[in-house]
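J.: Below are the structure tokens for one structure; questions will follow.
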Amino acid sequence: DVKVTQSSRYLVKRTGEKVFLECVQDMDHENMFWYRQDPGLGLRLIYFSYDVKMKEKGDIPEGYSVSREKKERFSLILESASTNQTSMYLCASGRTYGYTFGSGTRLTVV
Amino acid sequence: KQEVTQIPAALSVPEGENLVLNCSFTDSAIYNLQWFRQDPGKGLTSLLLIQSSQREQTSGRLNASLDKSSGRSTLYIAASQPGDSATYLCAGQRQSGSEKLVFGKGTKLTVNP
């Protein structure tokens, strides 16, 4: 089975900190995604990547950046964390034939 | 812009009941339709994927159908159990170019013993 691993289940960071969320997949998938999930708003796409060193903005990229130096790893970076970035962050990988999600990172910014 | 709507937002049923969850999308250019399950505080678990050439998929007590002409998908759960309690999300993938998934906001299902 495809495995998508997010490095942390829970994180607490301070306002203004630079935060790295890591995601690793083991199935050689080209496509990787970062979503955030908030009550009442559902899942919203932050960034995605079709290949190494390629990235495209999703619906809500402001305040975030990404890095994909290796095919299996897709990192989400909060350049200067703010309280409105407190959320559940979900990483996914896949191809045309379905996507697999990680278990999520619950980030709290205080 | 593709929009995905799930109705109802919440559903509570007694154990053993058969039930249907609905998903509708505004753009008929759906390529794939995927159903997920999410338990509280957890990630998404894929349940069923219906590819563009298919009309339905089955896995155990679950059956999902896709009608692109009407812009609708349904997830049928037979003989519901308390362990089926979770939020169910559908996500569509457009036909042309983009491989992004667009999600509905989910249906929160509670199965009462």
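Throughout, read-outs are computed from the coordinates displayed, never taken from laboratory work. Note that the structure is predicted; figures quoted are calculated from it, not measured. Methodologically, a virtual Cβ is constructed for each residue, glycine included, from the backbone with ideal geometry; neighbour enumeration extends over all protein chains shown.
J.: Scan region B:93-113 and give yes if some residue there is of a type in the set (A, V, I, L, M) and surrounded by fewer than 20 Cβ atoms within 10 Å (Cβ to Cβ), otherwise no.
T.: No, there is no match, as no residue in region B:93-113 is of a type in the set (A, V, I, L, M) and surrounded by fewer than 20 Cβ atoms within 10 Å (Cβ to Cβ).
J.: Now for a separate question. Would you please name the residue that is nearest to B:Asn32 (Cα to Cα), looking only at residues in region B:44-58 that are surrounded by fewer than 17 Cβ atoms within 10 Å (Cβ to Cβ) and under 13 Å from the mean Cα position of the chain (by Cα)?
T.: For region B:44-58, the residue satisfying everything is B:Glu56.
J.: Oh, and also: Can you name the number of the only condition in (1) within 29 Å of B:Ser69 (Cβ to Cβ); (2) out of contact with any helix residue (DSSP H, G or I) (no Cβ under 9 Å at 6 or more places or on another chain) that B:Lys42 fails?
T.: Among (1) within 29 Å of B:Ser69 (Cβ to Cβ); (2) out of contact with any helix residue (DSSP H, G or I) (no Cβ under 9 Å at 6 or more places or on another chain), B:Lys42 violates only (1).
J.: Would region B:67-83 turn up any residue that is crowded, with 18+ Cβ neighbours inside 10 Å and among the aromatic types (Phe, Trp, Tyr)?
T.: no
J.: Can you name every residue in region A:21-36 that is within 11 Å of chain B (Cβ to nearest Cβ), surrounded by fewer than 21 Cβ atoms within 10 Å (Cβ to Cβ) and assigned to a strand (DSSP E or B)?
T.: Within region A:21-36, just A:Asn31 meets the criteria.
J.: Tally time: how many residues in region B:16-68 are assigned to a loop (DSSP other than H, G, I, E, B), within 13 Å of chain A (Cβ to nearest Cβ) and within 27 Å of B:Asn112 (Cα to Cα)?
T.: Number satisfying all stated conditions: 5.
J.: Still on this structure: Does A:Val109 satisfy the condition of being among the β-branched types (Val, Ile, Thr) and either touching a helix residue (DSSP H, G or I) at 6+ places or on another chain (Cβ under 8 Å) or within 27 Å of B:Ile50 (Cβ to Cβ) (or both)?
T.: Taking the combined requirement at face value, the residue satisfies it.
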